[in-house]
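Notes for the one structure printed next.
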Amino acid sequence: MMQSKGSNSKVTNKVFRTRISSLLISMFAIFASFYVAGRLWQDAQNRVYLIKELDRVTGLGQSAISVDDTLKIIACREQHKTLSALEMDLAIARQEGFTSKRSSDTSGAVSKRKPLVVIGVLTRFGRKNSRDAIRKAWMGSGETLKKMEKEKGVVSRFVIGRSADRGDSLDRSIDDENRQTNDFIILDQVEAPGELPKKVKMFFALAADKWDADFYAKVNDDVYVNIDALGATLSSHLDKPRVYIGCMKSGQVFSEPSHKWYEPDWWKFGDKKSYFRHASGEMYVISGALAKFISINRSLLRTYAHDDVSAGSWFIGLDVKHVDEGKFCCSSWSTGLSLFLPFSI
């Protein structure tokens, strides 16, 4: 009897513990079900909220769509608006041509538009007579310079560096001249013949930083520029996003150190000793995208002995349209079709 009673007690305790465990498991399952249901309901509410917000912003009907897809749709619509605005600007530019780079509202006020071209006239110390001749011949000064910028979209500046002896009479003379004319870009580099390629690179970089123009041009300070002819020519290339315009040539590479046009890196140009195709240095033009490329990569772009070869080398590996424009060539001077003529002081 005693053994039977003990056995019954053990069975009772075992059943009790089993019931307790079952109860705890059941309670845990109920709480877990409530938690999961709550989270699902919250996620459903969030989805409904996002869909309503999408409907409010985009005007779309009810649809099940993820947050990522929502953001993509909004971004796509913004890009489409930007593209449409750019296409409208291009259409207006084509209609207006070169002569009008400004638009007026109904009140007669003039709204500012981007310049057609920024011209950098590379000059040196001791060339004031040449600069004065250019101001008188085609560039203008004072109000005439401002008028050309406003009406024709042509910005022109003389480009020069600093003396090796900073602050000497050469620097002071340029500073005095600039205070009177306000038509210089003064570079923070030494003005020297051997630094011309770097000078050109810095002009394009700084000009692209300061002006958002369609084109940027490099010109020597002994060249007469026909502004109207240049403007008409450049306007015909507005549809080209990356364009390099000039009188294209492939000159000889000279390996003799005593030669006037010696190229220290002559060995890089192969056995035939001929440069790649590039625009002649008297004047050449690049589009805004290429000027911005130079600005961004100014510290990486290397230079050679000559500025025109250096500029050509920067575009060799890019998807760039090379335009061999006969009006930029010396052979066009005698025909009267040239965009520029050299002149002496």
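Brief remarks follow.
- Close amide-amide hydrogen proximity is noted between Lys321 and Arg242, Val243, Tyr244, each under 5 Å apart and 5 or more residues distant or on a separate chain (H modeled in the peptide plane; Pro and chain starts excluded).
- DSSP-assigned coil residues among trypsin sites (Lys or Arg not before Pro) in the range 152-258, each with at most 16 further Cβ atoms within 10 Å: Arg166, Arg242
- Within the full protein context, the accessible area of Ser235 is estimated at about 30 Å² for a probe radius of 1.4 Å.
- Summed side-chain charge close to Gly246 - residues other than Gly246 whose Cβ falls under 11 Å, Lys, Arg +1, Asp, Glu -1: 0
- Proximity of backbone amide H atoms, modeled 1.01 Å from N, is registered between Val159 and Val121, Leu122, Thr123, Ile185 at under 5 Å, excluding neighbours fewer than 5 places apart on the same chain.
- Averaged over its residues, the range 115-182 has an accessible area of 49 Å² per residue, based on protein heavy atoms and a 1.4 Å probe.
- Under the Karplus curve 6.51 cos²θ - 1.76 cosθ + 1.60, θ = phi - 60°, whole-Hz ³J(HN,Hα) for the range 129-140, x wherever Gly or Pro sits: 4, 5, 5, 5, 5, 5, 4, 6, 7, 8, 7, x
The values are calculated or read from the model by the stated rules, or taken from the named source; none is laboratory data. The structure presented is a predicted model; accordingly, all values stated were derived computationally and were not measured. When we count neighbours, we look across all protein chains shown, and the Cβ atoms used for this are built from the backbone with ideal geometry, even at glycine. Protein only, heavy atoms only, side chains kept; ligands, DNA and RNA dropped before computing areas. Shrake-Rupley method; radii C 1.70, N 1.55, O 1.52, S 1.80 Å.
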